[in-house]
Amino acid sequence: MNYLFTGRCYKKWQLCCALLLLLSAKIVRAEGSKEINSNGGGRAYLYSSKTATQSFPFPTLGTMKVYVKAGETINVGSSAQGINSGTIYLRAPDGSTFTSGNSKTTGFILDASQESAGPLPAAGGYTPYKVVATAAQEGVWEVDFTAPGSDNGSESNPVVTPAGGNWNQPTGPYIAAFDITVFNTSNAPVKGRVFTNIFCGVLSSFSLGFNGIFYILTKDGYQYVLDNNGQAGNGFSFFANNKGFKTASGTASYQSVNNTASPLVQDPTAPDTQTDITHKIFFNSPAADLPASAKTPGNGNTWLINPPFVPTITNVQFVGTEGTVGQAGTAPLGGSFNFDVTSNGSYVLAIDVNNNGSFTDAIDRKLTGKVTNGSNSIVWDGLDGLGNKIPAGTTIYNANLSVSLFNAEVHFPFFDVERNINGIKLTRTTGNGAPDNTVYWDDSPLTLTGTPSNPITNLTGINSLVNGHKWGSPTFNNSENDFGNNKSIDTWAYVSQAPISNNLTFTLREADLEVVSLKSDVVKGCAGQVVNYVATVRNNGPSDVKGSIFEFDFPAEMVDVKATGTQTTGTTTIVSSITNPASYIATMDMPNGAVITFNITGKVSKVPATGKVSVAATIRRPADVTDPDATNPDAAVPTDAFNECDSAPSGVGCNNIKTDTATFLAAPDAGPDQIIERDKKATVTANQAGIWAQVGNTPAAATIASATTAKTDITGLSQLGAYKFVFTNLNGCTDTLTINVTSSKLGNANVITPNGDGNNDVLTIPDIDKFPGSHLSIYNRWGNEVYHSDNYANDWAGKGLADGTYYFVLNRREANGTFKVFKDWIYLKH
């Protein structure tokens, strides 16, 4: 069908086109100060400075962030552009930087009309500074709106200005208007792209409250709308995070803080950690085309929009204080119930002490408290609901852990907001039960000045449309004395899901381990002596014990230590044993009532410096088994029986240790054996005090001048032969000494007459029987050997030889094995 345009129709068409163009211009919306100043109240000037103050503990250079796709155009403007140092800096995800420079036109927002219209081509809009994002620059950009001046303390506050009114741009660290608008590749504006991690604003007065509305996106995928609803802080800042103010251990405190100078809170300008998250504050509802994550300047990455996250609980287990899974020692050891969660929440832990299937009896133990995102541990001291120790045995105890976790948890720390007389309005717009307006607070740590919040503590939840955490006086006098002045006040919200229940079982172990006795066969001894010990060990129960440690400690001077264990009562298994330079250690499994005896031998190689050989037999418990008189309730597995024995709460002393001490001396040394001429005096010297005595009366009784001194003389050595003497030291150890009495003269006759008359029939060497092994050689006058004996026995009679003179050599074997040579002649006459 063909249409013909009449003049009237053509004019109507032109009017329609004009209206469409006008409408398309009007739909261009700024994102920034226009959004937060479109709800009445007072204009909040953006604080742009790196100087921290009571109102701005985490200052920025007016930093905003914006998600931009490849090919899209970023349009930015500021009321401070071109005024002194006022300019705009942009940082792209690929590291590129851009600036609007000092132009007084490009990027300059003149008044409220341009602020409301946004960038050209909107009718009446400002001339923006533009950057087109390349493919490498797709992601989150950072934009700094730099103010005309820094905060050096000399600048006055901005002039009080209604939210929608025109302004006088200050020359200090304040910016009246700022804008970031993204145009897509079709040159159409895209809302919901601009956000910040913290908003720092200045009202300059309490006569006009701040009515800015923000849209909060949480990392776990939930969204809130925050209406400041007239809160009145002259200079103030706030952000949104997952913990609010923290405890010293890093968990959420769920309380406000009585200052702004040093609140323990995650810095919103710092990167998120695994457990500390700063939520994102949008100026419009977050755009539906935001990705789950995006690149940021400096090769970083940040999260954006995600499906709502349902928290979970994992890795639930009971662990004894000293690390044994499913087992604990009785009180005071106890244990802990450990688990991991993916959000904050609360817990109820109940132990069925009497094992009747109910967890609500008076004797049953119930513990309650908070859980925090990450790893959690509920410490249990081993007591029942009446404060008594739960007994050990074979009973398997049941526990129930019920955890209520929070979805969509969001906190709003507000700094230096003197008044909030209307209370914020907070609405969760996504998730189960949305829309929901419930908020919580706890201002009990704050000094009660001015008009405090009412109630001061709200942990059960109040609808923010009724009371969105109100404080301060509606009057505008004495603001410095009002409740929120120089305070850090937290308001939070969350969704509590249905409790997650987990059942656990565990056992309790207790055993009185005892070293019954330690006996030695030596009270006084000497170096070089072998000592035998007998140690008896018993498990007095009531529990069987796996991994008990028997240890026999000895000094370094004891060597060649050997040990064996013999079962006496019950069946004890020695799982392993090892002998170290100072100890023998055996790891044992001991049933209740079992007794084992250890036989230990060792040689004392030398005397310790103390003169004492001290040993100890000890037994100590393994991990998570209570020994009633030797338990130190800490997280360390026992390694020293003495420390465990004497530590609180069991106190000093226990039956786990027996000791033995013997006095040792050096081994006695009577000195070297001696050879003494007959009838001469011998002097003997021992190495220490003791007693001398002769062994027997052979060859004859000798005389000891002083038997009780180390050095003494011995006389009466009248007979040839070996005299034996013993030296005994003060510990009863002995050493012997031999004095060999000899003669340097033979005393024989020089004539033998072997005629059988009994006189001089043979060559007689006096006392030759005292020198066994003596050699005799006889030579004729020509030097020829005519006789030889290796053990002469006074039996040579010259048989078969002619009368005449003969010569002999006697090698007399002395008592010490050496030979003494004698030479002489003899005349033979038949």
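The values are calculated or read from the model by the stated rules, or taken from the named source; none is laboratory data. Remember, predicted model here, so these are calculated numbers, not experimental data. Virtual Cβ from ideal backbone geometry, glycine too; neighbours counted across all protein chains shown.
Quick notes on this structure:
- For the stretch 339-356, taking the residues that are surrounded by fewer than 17 Cβ atoms within 10 Å (Cβ to Cβ) and among the polar types (S, T, N, Q), the one that is nearest to the chain's Cα centre (by Cα) is identified as 342.
- Taking the numbered list (1) part of a strand (DSSP E or B); (2) outside the structural domain of residue 343 (by TED's automatic domain parsing) in turn, residue 375 passes all entries but (2).
- Of all residues in the stretch 700-715, those satisfying the criterion of being within 22 Å of residue 742 (Cβ to Cβ) and surrounded by 16 or more Cβ atoms within 10 Å (Cβ to Cβ) are 702, 704, 712, 714.
- For the stretch 422-460, a residue qualifies if it is under 16 Å from residue 256 (Cα atoms), among the charged types (D, E, K, R) and part of a strand (DSSP E or B), and exactly one does: 442.
- In the stretch 39-53, of all residues being polar (S, T, N, Q) and farther than 19 Å from residue 144 by Cα, the one that is surrounded by the fewest Cβ atoms within 10 Å (Cβ to Cβ) corresponds to 39.
- In the set 481, 437, 486, 458, only one residue is surrounded by 14 or more Cβ atoms within 10 Å (Cβ to Cβ), of a type in the set (S, T, N, Q) and either touching a residue at least 40 places away in the same chain (Cβ under 8 Å) or farther than 19 Å from residue 422 by Cβ (or both); that residue is 486.
- Yes/no for residue 568 being among the hydroxyl-bearing types (Ser, Thr, Tyr) and either free of Cβ contacts under 8 Å to residues at least 60 places away in the same chain or assigned by TED's automatic domain parsing to the domain that holds residue 620 (or both): yes
- Tabulated pairs, the stretch 321-344, first within 20 Å of residue 393 (Cα to Cα) and without any contact (Cβ under 8 Å) to a residue 24 or more places away in the chain, second among the polar types (S, T, N, Q) and not in a loop (DSSP other than H, G, I, E, B), C-beta under 8 angstrom, 6+ apart or interchain: 325/317
- Count of residues meeting criterion [under 37 Å from the mean Cα position of the chain (by Cα), assigned to a strand (DSSP E or B) and not charged (D, E, K, R)] in the stretch 599-622: 6
- Which listed residue, of 172, 139, is of a type outside the set (Val, Ile, Thr), surrounded by 19 or more Cβ atoms within 10 Å (Cβ to Cβ) and under 23 Å from residue 267 (Cα atoms): 139
- All of 395, 427 fail the test of being in contact with an Asp or Glu (Cβ under 8 Å, 6 or more places away or on another chain), surrounded by fewer than 20 Cβ atoms within 10 Å (Cβ to Cβ) and β-branched (Val, Ile, Thr), apart from 427.
- Scope the stretch 286-311; condition acidic (Asp, Glu) and either surrounded by 16 or more Cβ atoms within 10 Å (Cβ to Cβ) or at pLDDT below 90 (or both); matching residues: none
- Some residue of the stretch 557-566 being over 22 Å from residue 663 (Cα atoms) and not in a strand (DSSP E or B): no
- Of all the residues in the stretch 380-404, those that are part of a strand (DSSP E or B) and under 16 Å from residue 337 (Cβ atoms) number 10.
- All positions within the stretch 783-830 that are in a loop (DSSP other than H, G, I, E, B) and farther than 17 Å from residue 753 by Cα: 783, 784, 790, 791, 792, 793, 814, 815, 816, 817, 818
- Exactly one residue among 778, 739 is in a strand (DSSP E or B), surrounded by 16 or more Cβ atoms within 10 Å (Cβ to Cβ), in contact (Cβ under 8 Å) with a residue 60 or more places away in the chain and β-branched (Val, Ile, Thr), and that residue is 739.
- Selection of strands (runs of 3 or more DSSP E) fully inside the stretch 43-121 by the criterion of at least 1 residues being among the basic types (Lys, Arg) and modelled with pLDDT of 95 or more returns 64-68, 87-91.
- Cβ-Cβ under 7 Å pairs, at least 6 apart or on other chains, the stretch 687-698 side assigned to a strand (DSSP E or B), far side of a type in the set (S, T, N, Q): 690/728; 690/729; 691/708; 691/728; 692/712
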